[in-house]
1. Could you check, for segment B:173-184, whether at least one of its residues is more than 22 Å from the chain's Cα centre (by Cα) and surrounded by 12 or more Cβ atoms within 10 Å (Cβ to Cβ)?
2. Please determine whether any residue of segment A:45-56 is assigned to a strand (DSSP E or B), modelled with pLDDT of 95 or more and closer than 22 Å to residue B:233 by Cβ.
3. Condition first: buried (at least 17 other Cβ atoms within 10 Å of the Cβ) and at positive phi. Now tell me which residues in segment B:90-106 satisfy that.
4. Scanning segment B:207-234 for residues that are part of a loop (DSSP other than H, G, I, E, B) and within 11 Å of chain A (Cβ to nearest Cβ), which turns out surrounded by the fewest Cβ atoms within 10 Å (Cβ to Cβ)?
5. Exactly one condition in (1) within 27 Å of residue B:203 (Cβ to Cβ); (2) over 21 Å from the mean Cα position of the chain (by Cα); (3) outside any helix (DSSP H, G or I) is false for residue B:61; which is it?
6. Give segment B:126-141 a look and list any residue that's surrounded by 15 or more Cβ atoms within 10 Å (Cβ to Cβ) and closer than 16 Å to residue B:105 by Cβ, or say none.
7. Which one of B:171, B:179 is modelled with pLDDT of 95 or more, touching a strand residue (DSSP E or B) at 6+ places or on another chain (Cβ under 6 Å) and part of a helix (DSSP H, G or I)?
C-alpha cells in the first residue's frame, strides 16, 4: 500500500473520470451522499441478461470519493449482478492502493456503498 | 426523522448574505419585538466573527428580551466580563479551554436562577422533602443534582489557572497578531476565498477558507502532511454552509501555542496542495 494519498493514478481518475455522465435508459439510478462532507455520487446502471451491461456516474466531492467511483465503474462493468450484489469493499480499497485514514473511509467507500444500495436496497454491513 | 423549524426562521436568515457575514451589524436591523430570549454566539466557530455582545444585549433588553450567550469560543480566547457585557446567561465548555470534556459553566443572573426550577432531581438539590412538598436547595446546589463530576471540576480549575498565568488580554493579543498576519499571508494564495471579517479586531483565532478547485477535505489532508492540523467540514453550521454556497470549508485555528512561522507553514501547505491539483 502506498503512503501517497494523492498518487498519480488517483489524481488522473479525479481529473478524467471513467464512465462519467448519465445513462438515459438506465434500469437503476441510485444517488448516495456523505452529508457531513458534501460528497455525492449517482450511479446509472444498465442491466443486460443478468450482467451489468453499462454504467455511468455523476458526482461531486473530494478527490478520494470521485476517483474511487471512477475506479469502481472499471471494476464492475460487464460483471454478473449476482457477483456485484456482494462486491467486496476491500476490492475497491485495493484498487485505490493507498492507506485510507478512518476520517476518509466514508469518502473512499461512498461509491461501493451506493452500488450495494442500488442492487440490494441497503448498503449492508459497512466495512 | 425530519423536524421542521418555525416558519419565521427562513425569511430571517434570508437577510444574511455572504458579504454581510463580514460583520454582525445585520442583527441591529432585526426587530427583537416579541422575542423573549435571544441566543447568540460570542465568537463564531466558523467565521471567526466576534459579535458586539454588549451592543446586541442593549438592543435586546430595550425590546424586553433576555440574552443567552454561547461563549465556548470566546472564554478560552479573550477576557470576558459578564457584568460589563450585561448579558443574562453565559455558557462555555471546559474542553475548549484546555480543560476536561464533560464539564462546562452556565452563568446566569441570580434573580433568574432563583426564579427557575431545578432541571434535574437528585442528591443535594433539595433542602427538605415531605410526602406533600419539597423545598429546593439554595444556589448553586439547586442545579447540581447528584454526585458531582469532581475530577472534571478540579481539571477545569487547573485549566483556568493555566490560562490565567498568561492573562487573557495577552492570549487575545497573541491571537490578534496571528490572525492579522494570516489574513495578510492568505491574500497571496491565488483564488482563495476567506470568510468572515478581515479586521483582526473583530475576527477571533479561527479562519475558514475555500479554494475553487480543491475540496476542503483534500486540502486538509494535504496541509496535514505539511505538519499543520486544520479542520475540514461544515463545522456544525450546515445552514451557514448553504448560505455561503459551499458544502464545507477548511478552517485553521490559533491558540496560545501557535507561532507566526506556522502561518507560513500553512500557506506553504496550501500552495503545495494547489500544485498537486494543478
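The values are calculated or read from the model by the stated rules, or taken from the named source; none is laboratory data. Small disclaimer: the values here were computed from a predicted structure and weren't measured. Neighbour counts are summed over all protein chains in view; Cβ atoms, including those assigned to glycine, are modelled from backbone coordinates with ideal geometry.
1. If we filter segment B:173-184 for residues that are more than 22 Å from the chain's Cα centre (by Cα), which is where we start, we get B:184.
Those still in the list that are surrounded by 12 or more Cβ atoms within 10 Å (Cβ to Cβ) too: B:184.
The answer is yes, given that some residue of segment B:173-184 is more than 22 Å from the chain's Cα centre (by Cα) and surrounded by 12 or more Cβ atoms within 10 Å (Cβ to Cβ).
2. No, every residue in segment A:45-56 fails to be assigned to a strand (DSSP E or B), modelled with pLDDT of 95 or more and closer than 22 Å to residue B:233 by Cβ.
3. Taking segment B:90-106 as the starting set, the residues that turn out to be buried (at least 17 other Cβ atoms within 10 Å of the Cβ) are B:90-100, B:103-104.
Across segment B:90-106, the qualifying residue is only B:98.
4. The first filter runs over segment B:207-234 and keeps only residues part of a loop (DSSP other than H, G, I, E, B), leaving B:212-213, B:215, B:226-230, B:234.
In the following step, the residues that additionally are within 11 Å of chain A (Cβ to nearest Cβ) were identified as B:213, B:215, B:234.
Details: B:213: 12, B:215: 27, B:234: 20.
The selected residue is B:213.
5. (3)
6. Initially, segment B:126-141 is screened for residues surrounded by 15 or more Cβ atoms within 10 Å (Cβ to Cβ), giving B:126, B:136-137, B:141.
B:141 - this is the single residue of segment B:126-141 that is surrounded by 15 or more Cβ atoms within 10 Å (Cβ to Cβ) and closer than 16 Å to residue B:105 by Cβ.
7. On the way: B:171 fails: touching a strand residue (DSSP E or B) at 6+ places or on another chain (Cβ under 6 Å).
None of the other options fit; the residue is B:179.
Every residue, every condition in (1) within 14 Å of chain B (Cβ to nearest Cβ); (2) without any contact (Cβ under 8 Å) to a residue 24 or more places away in the chain; (3) surrounded by fewer than 21 Cβ atoms within 10 Å (Cβ to Cβ), yes or no:
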{"site": "A:58", "(1), (2), (3)": "no, no, yes"}
{"site": "A:68", "(1), (2), (3)": "yes, no, no"}
{"site": "A:75", "(1), (2), (3)": "no, yes, yes"}
{"site": "A:80", "(1), (2), (3)": "no, no, yes"}
